[in-house]
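The values are calculated or read from the model by the stated rules, or taken from the named source; none is laboratory data. Bear in mind the structure is a predicted one, so any value in this text is a computation, not a measurement. So basically every Cβ, Gly included, is an ideal-geometry build from the backbone, and we count neighbours across all protein chains shown. Side chains included, ligands, DNA and RNA excluded: accessible areas come from the protein's heavy atoms. Shrake-Rupley method; radii C 1.70, N 1.55, O 1.52, S 1.80 Å.
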Amino acid sequence: MKQITKQMKIKFFMMMAVLFLMACGGQKEEKIYDVCDEMPTFNGGDEALMKWLGENIKYPAEAEKDGKEGRVLVKFVVTSTGKPANAEILRSVDPLLDAEALRVVEAMPNWNPGRQDGKPVNVNFTLPVTFRLK
């Protein structure tokens, strides 16, 4: 049986350390701001956001048939790259309306990211999504 040398042990532990660092990937949890110097904005402003939502929300047929209406509050992060991420329901109205609100937030185009000290940062954003029958 081959004898394990001190040099082999060192190589093994070094290799394991490299693998561990690769697995961690230098991942650093980026801070998520609630308030920052410049809050994120939808490209074109609030009016453009309302227009985009109006054009992209699909009222669930079953919710419409049942007369379900209300305002769903969706919280999400506008990342430092402007991508909406990690959407969650803060205030529910109905599971069908909640699901549509999440779908539309996740489908949004990139925003102008928030900035802190001139640098783009992750920012929490809460959006009311209103479902109203005609």
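In order along the range 60-71, the phi-based Karplus estimate (6.51 cos²θ - 1.76 cosθ + 1.60, θ = phi - 60°) of 3J(HN,Hα) comes to x, 4, 5, 5, 5, 4, 7, x, 6, 9, x, 10 Hz; Gly and Pro are listed as x. Residues whose amide H lies under 5 Å from that of Val74, counting only those 5 or more places away or on a different chain, are Leu90, Leu127, Val129; hydrogens are built 1.01 Å from N in the peptide plane. Please find the FRET efficiency linking Lys83 to Ile10, where r is the Cβ-Cβ separation and R0 is fixed at 41 Å, and quote it to the nearest 0.05. My answer for the efficiency is 0.40. Between amide H atoms placed 1.01 Å from N, distances below 5 Å from Tyr33 occur with Asn122, Val123, Asn124, all of them 5 or more places distant or on a separate chain. Report the paramagnetic label zone for Asp37: residues of the range 79-117 whose backbone N is under 11 Å from a point 7 Å from Cα along the Cα-to-Cβ axis. Under cut-off, by backbone N: 115-117. Multiplying the residue separation of Glu106 and Arg132 by 0.36 nm and removing their Cα-Cα distance gives an extension gain of 7.3 nm.
A 1.4 Å probe run over the range 49-89, with the rest of the protein chains in place, finds 58 Å² accessible per residue. The H on the amide N of Val93, modeled in the peptide plane, is under 5 Å from the matching H of Asp98, each at least 5 residues off or on a different chain.
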